[in-house]
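Taking it in order: structure first as structure tokens, then the write-up.
The values are calculated or read from the model by the stated rules, or taken from the named source; none is laboratory data. None of the values given here were measured: they were computed from a predicted structure. No Cβ is skipped: glycine too gets one built from the backbone with ideal geometry, and neighbour counts run over all protein chains shown. Calculation scope for accessible area: heavy atoms of the full protein, side chains included, ligands and nucleic acids excluded. Shrake-Rupley method; radii C 1.70, N 1.55, O 1.52, S 1.80 Å.
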Amino acid sequence: MADERNIRSHFYEKVGFRGVEEKKVIEILLREQPFDLRKLSQFCLKFPVPAVYRPLVWKVLLDILPVYQDSHEFVTAMRTDQYNDLHHSLVVMRKVDDHTPLPVVFLKMFHIEEGTLVFDEESLISRPSSQAFIAMATSVLDTVEDNVDAYWLTAKFFKLQERLTDIMHMLPDRTEHFLQKEDLDGKLYEKIIALNIMSAIPVSRWFRCCYAGVLPDTAFERIWDKVIGGSCKVLVFVAVAIFLTFRRPILSMSSAADIVGYLEQIPSDSADIIVGKAIELWQKYGGLLQPSGVKGDSPVIIERPPT
């Protein structure tokens, strides 16, 4: 307990506050004008963001809202107008109607905004990247009340994930590496490799959607806190934690199909255990506790590939 207090005290000293709880810290950070993106990123990396403040923190770090709070009302109105214009364009083009699922509407709005909307709807929706976008939108819609917020959070997070492409392709190999290190007797690791489970799932799908639709909402939000704060490395340890948590049932199964089917039904009561274990491993192997640099003009910090 003393060690935990020392770690917290060290963080509070880093951001200029001492002896207060996490909620107090984030409240103080959100009273700063303008918002300090580096301090907000540090907070996301160190702690789960309190649910009541999560939408605001995410919107600021994803550049949906500016760091100057006085401008939020105006920018929110502009974002709403842009949302309505994109949606209206799709209606006029007869690309959506009242029966189109909202995540699919969001996907098409995103492609209109990017100038990449194609006529072949089936090929658009079947793309792996589109499936990831739809999974993200579905999960975000379940966690925020406002559709405008849901669209912009999904679109901006998806853009962040796209900027991580150079790192993302390394994550499956890193998952194998850390699973081997954590599986002390090697039995689980050997079975995962022998049955080619990494490709059968595939884990790249987990990474692409950042566990939206894989973990329950209350769990995936804590993972997104870390990614938005600046660490995609945590995604590796979520995969490792899933395998370790379900070690016993995986070892009892004889086929890849059985294992994949089992892992597609992660029970909600296991999600917190998985996320807790993932974050422990992420910290054990050098999870970022301080953002290390900004890529381009994004306020979100991009880390180096996991080693």
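A few points about this structure:
- Matching residues, the range 262-271, being open to solvent by 30 Å² or more (accessible area, probe 1.4 Å) and touching a residue at least 12 places away in the same chain (Cβ under 8 Å): 262, 268
- Any hit, the range 226-240, residues being of a type in the set (Ser, Thr, Tyr) and part of a helix (DSSP H, G or I): no
- Qualifying residue in the range 79-87 (condition: in a helix (DSSP H, G or I), open to solvent by 50 Å² or more (accessible area, probe 1.4 Å) and in contact (Cβ under 8 Å) with a residue 60 or more places away in the chain): no
- Residues satisfying the stated conditions in the range 256-307, i.e. outside any helix (DSSP H, G or I), at pLDDT 50 or above and of a type in the set (D, E, K, R): 264
- Looking at 49, 67, 96, 91, just one residue is open to solvent by 30 Å² or more (accessible area, probe 1.4 Å) and not in a helix (DSSP H, G or I), and that residue is 67.
- Residue check, residue 213 within 21 Å of residue 48 (Cβ to Cβ), open to solvent by 10 Å² or more (accessible area, probe 1.4 Å) and not charged (D, E, K, R): yes
- Selection count where residues are surrounded by 15 or more Cβ atoms within 10 Å (Cβ to Cβ), at pLDDT below 95 and more than 14 Å from the chain's Cα centre (by Cα), scope the range 143-169: 2
- Among the residues of the range 192-204, none qualifies, meaning not one is open to solvent by less than 40 Å² (accessible area, probe 1.4 Å) and small (Gly, Ala, Ser).
- The range 220-246: number of residues that are open to solvent by 10 Å² or more (accessible area, probe 1.4 Å), touching an Asp or Glu at 6+ places or on another chain (Cβ under 8 Å) and at pLDDT 95 or above: 1
- Selection status of residue 259, of a type in the set (Val, Ile, Thr) and surrounded by 23 or more Cβ atoms within 10 Å (Cβ to Cβ): yes
- Test: residue in the range 32-44 that is of a type outside the set (Asp, Glu), more than 30 Å from residue 111 (Cβ to Cβ), open to solvent by less than 50 Å² (accessible area, probe 1.4 Å) and in a loop (DSSP other than H, G, I, E, B): yes
- Scanning the range 103-124 for residues that are in a helix (DSSP H, G or I) and in contact with a Phe, Trp or Tyr (Cβ under 9 Å, 6 or more places away or on another chain) turns up 103, 105, 106, 107, 109, 110.
- Restricting 187, 181, 159, 191 to residues that are over 30 Å from residue 258 (Cβ atoms) and not hydroxyl-bearing (Ser, Thr, Tyr) narrows the list to 159.
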